[in-house]
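The values are calculated or read from the model by the stated rules, or taken from the named source; none is laboratory data. Nothing here was measured: the structure is a model prediction, and the numbers come from that model. Counting neighbours? That spans all protein chains shown, and the Cβs are built from the backbone with ideal geometry, glycine included. Side chains are part of the model used for accessible areas, which takes the heavy atoms of the whole protein and leaves out ligands, DNA and RNA. Shrake-Rupley method; radii C 1.70, N 1.55, O 1.52, S 1.80 Å.
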Amino acid sequence: MPDTLLREASPARAGDLDAIVIGAGFAGMYQLHLLRDRLGLKVRVLEQGGGVGGTWYWNRYPGARCDSESHSYCYSFSEELYKEWEWTERYPEQPEILRYLNWVADRLDLKRDIRFDTRVTACTYDAAANLWRVTTEAGETLTATYLIAAVGCLSTANVPKIPGLEDFQGRWYHTGQWPHEGVDFSGSRVGQIGTGSTGIQAVPVIAEQAQHLTVFQRTANYSVPARNGPLSEEFKAWVRDNYADIRATMLETPNGHPFRILERSCWDVTDEERKRIYEAAWEKGGLQFRANFRDLLMDKAANDTAADFLKAKIREIVKDPETAAKLADIDHPYAAKRPPIDTNYFETYNRPNVSLVDVRSNPIERITPTGLRLRDGTEHPLDIIVFATGFDAMTGPLLRLNVTGRDGLALGDAWAEGPRTYLGLQVVGFPNFFTITGPGSPSVLCNMPICIEQHADWIADCIAHLRAKGIARMEPDPAAVERWVTHVNEAANATLLPQAGHSWYLGANVPGKPRVFMPYAGGMGRYRRLCAEVAEKGYEGFRLE
Ligand code: N01
């Protein structure tokens, strides 16, 4: 529908605003652009940080870099915007991504509608007025018809409750809340807890500065070299010339990346051929490693071939056999947890100032004023502790908004047994509340900007529909949610993903969190078609009143 017609058909605004968007990362920025500039709505974005960027505003830890290739880790909705920005490296570093997002915000004149340094403390649905009341830490309340959470999936830091932290006399940091002025590690004994994607990026950089770095590993992890480097002029030209194809590929592939998962099975090739394929993929580097065979994430025996190859690489790189054995003692299928990529991660353990401590067999018992003590009584004196311990993923950022829907229903109660959504977009009992990349959508299993654009587009089209048809409220039908939750579980169970029992995909990294596989593993291409069909059928599965 043309925007002008839509504006004429729009009902009078009941609250201060048509829409409140929470968060000014990739998601909130694009949602603001669509709702304000395409639909002509009055929108305010509330952002806790002092600037745009979301994840890239907060995660300033050493080595922070994106694992998606730069030409895919950006907005692609506008060809003009896509071609105007030039990335410098294969994998963009945090400062460059933050510069990019500021550039987009300025280019689209977004900042005038973003309220920075504004933390949302509660969101309450007022059924009589059909409004959302959003309260901020400063005590202000704003009202709007539509509430859109663009808070990201990995924005609630998980600092494990290890006894004694409050008495630690050194300095400590969580990677997701890194000081803007940086941290000087020189001359310090540093302990890093955590060997996920973040930890694996941070270790080589911290090791270069610290007097000594001790890495406390609970779960050993696979990693493939990123093979990062500057982009050639030819590649940059190729990206500009192939915008349409790159975007089409990202929209269709299961992971939203600009490469296809090959059709061949692991068993279509001989052992020697497979070894050559893995070697070539190792040399090429990056997340593409898992795209070599279609069955790597479906068939445990197929996965074992990749896992064995990667474990052998660890033993080849790491010179001390005991350290190598600990690093290669990986207990889950390859890519069942989010697979990291790295720059010199395993090589770093060959440095004389780096040591690895296994805290699976000998857990951290307490933090003392001067370091860490393990269960067997071993003391590790430390000046700085780095928590690369991840996030209360997917549900954490939503639950801390204290959202209360119809009849006083708190989101925390609605999700006491784990998140239940329709398409990861809406929750029963929470009318006109939308979640961008919410649980039950592909989100974290995909290249994020692609998922974000799809959700923000869908939400904007949906709001346009509601307004054009004079529909006051929208929320899912409980039966549709039941069917979707069942489908999300089936999609996960058709893969090896649930076999990593300690994964944050399952909420297992946060004690007491319900164990539910949260993202939709059915693939981005399929998900996109399902969402489009639902909209085409007049928002089938939603109650429109
Ligand atoms: O967090 P994680 P992350 N004692 O949860 C360990 C994205 N990301 O920040 O596995 C000891 O993966 C924990 O051990 P275990 C990406 O999606 C993207 O690294 O629970 N150890 C694990 O080793 C990624 O998956 C980019 O046994 C404890 C680590 O801490 C997601 O963010 C870059 C512990 C946490 O790993 C999260 O990654 C970086 C304890 N009490 C990250 N508690 C991009 O490229 C936790 N651990 C875009």
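Do any of K161/K326; K311/K337; K275/K326; K275/K311; K284/K311 go past 22 Å between their Cα atoms, and which? Mind dumping the intermediate values first?
Details: K161/K326 25 Å; K311/K337 15 Å; K275/K326 24 Å; K275/K311 13 Å; K284/K311 18 Å.
Too far apart for the 22 Å limit: K161/K326; K275/K326.
Run through all the Cα pairs of the chain and give the fraction in each 10 Å bin from 0, expressed as whole percent.
3, 18, 28, 27, 17, 6, 1, 0
If one computes P(r) from the Cα atoms of segment 140-209, what percent of pairs lie at distances over 13 Å?
Roughly 77 percent, rounded to a whole number.
Can you give the helix-only mean residue ellipticity at 222 nm for the chain, where every DSSP H stretch with n ≥ 4 adds -39500 (n - 2.57) and the sum goes over all residues, rounded to the nearest 500 deg cm²/dmol? Spell out each step's value before the answer.
Working: 17 runs with 172 residues, N = 545.
Computed mean residue ellipticity for the chain: -9500 deg cm²/dmol.
Would you pull out the residues with amide H under 5 Å of T121's amide H, same chain only if 5 or more places away, H placed 1.01 Å from N?
T135, T136, E137
Using the Karplus curve 6.51 cos²θ - 1.76 cosθ + 1.60 with θ = phi - 60°, what ³J(HN,Hα) values do you get for each residue of segment 380-389, in whole Hz, with x for Gly and Pro?
Each residue's phi maps through the Karplus curve to give 10, x, 9, 9, 9, 10, 10, 8, 9, 9 Hz.
Provide Rg over Rh for segment 251-318; use the alpha carbon set for both Rg and the Kirkwood Rh (inverse mean inverse pair distance). Could you put the intermediate results ahead of the total?
Working: Rg = 12.1 Å, Rh = 12.6 Å.
Dividing the radius of gyration by the Kirkwood radius yields 0.97.
Rg and Dmax of segment 272-423, using alpha carbons, in Å: what are they?
Radius of gyration, then largest Cα-Cα span, for segment 272-423: 20.9, 63 Å.
Counting just the Cα atoms, what span does segment 16-99 cover along each of its three principal axes? Round to the nearest Å and put the largest first.
Computed over the Cα atoms, the extents are 42, 30, 16 Å.
Taking amide H positions as placed in the peptide plane 1.01 Å from N, state which residues far from L131 in sequence (5 or more) or on other chains have amide H under 5 Å from it.
Correct list: D126.
Quick check on segment 231-271: take the gyration tensor over C-alpha atoms, sort the square-rooted eigenvalues as a ≥ b ≥ c, and tell me if it's rounded (a/c under 1.5), prolate or oblate. If you can, show how the numbers build up before the last one.
On the way: a/c = 3.88, a/b = 1.83, b/c = 2.12.
Oblate, because a/c is 1.5 or more while a/b does not exceed b/c.
Below 8 Å between Cα atoms, with a sequence gap of 6+, how large is the relative contact order for segment 351-483 in percent?
Details: 125 pairs, mean separation 20.7, N = 133.
Worked out over segment 351-483, it gives 16 percent.
Which residues in segment 376-418 place their backbone N less than 19 Å from a point set 7 Å from the Cα of N362 along the Cα-to-Cβ direction?
Under cut-off, by backbone N: 376-383.
Report, to the nearest whole %, how much of the accessible area of segment 8-103 belongs to carbon and sulfur atoms, 1.4 Å probe, protein only.
Numbers: 1360 of 3060 Å².
Percent of accessible area from carbon and sulfur atoms in segment 8-103: 44.
Could I have the simple spin-label model distance between L165 and S186, label points 7 Å from Cα toward Cβ, reported in nm to one decimal?
3.0
Return the percentage of antiparallel bridges among DSSP beta bridges fully within segment 110-257, rounded to the nearest 5 %.
Numbers: 11 of 16 bridges.
Percent antiparallel among DSSP bridges in segment 110-257 is about 70.
Which whole-number percent gives the relative contact order of segment 176-281, counting Cα pairs below 8 Å spaced six or more residues apart? List each step's numbers first, then the result.
Working: 68 pairs, mean separation 18.4, N = 106.
Across segment 176-281, relative contact order equals 17 percent.
Kindly identify segment 211-310 as rounded, prolate or oblate by the Cα gyration tensor criterion: order the square roots of the eigenvalues as a ≥ b ≥ c, call it rounded if a/c is under 1.5, otherwise compare a/b with b/c, prolate if a/b is larger, else oblate.
Working: a/c = 1.91, a/b = 1.17, b/c = 1.63.
Oblate, since a/c reaches 1.5 and b/c is not below a/b.
Among the helices of the chain (complete DSSP H runs), which have Cα atoms covering no less than 15 Å along the helix axis and a Kyte-Doolittle mean of at least -0.5? It would help to have the intermediate numbers written out before the result.
Values: long enough: 94-107 (19 Å, -0.62); 197-209 (20 Å, 0.54); 271-284 (20 Å, -2.03); 300-317 (25 Å, -0.35); 448-468 (30 Å, 0.40); 478-493 (22 Å, -0.32); 524-536 (18 Å, -0.48).
Sorted by number, the helices that extend far enough and score high enough are 197-209, 300-317, 448-468, 478-493, 524-536.
Within 10 Å, Cβ to Cβ, of K42, how many net charges do the neighbouring residues add up to if Lys/Arg are +1 and Asp/Glu are -1? Provide the component values of the computation, followed by the final result.
Details: positive: R13, R36, R44; negative: D16, D18, D113.
Residues close to K42 contribute a combined charge of 0.
Cα convex hull of segment 318-371: mean projected area in nm², to one decimal? Don't jump to the answer; show the numbers that get you there.
Numbers: hull surface 21.4 nm².
One quarter of the hull surface, i.e. the mean projection, equals 5.3 nm².
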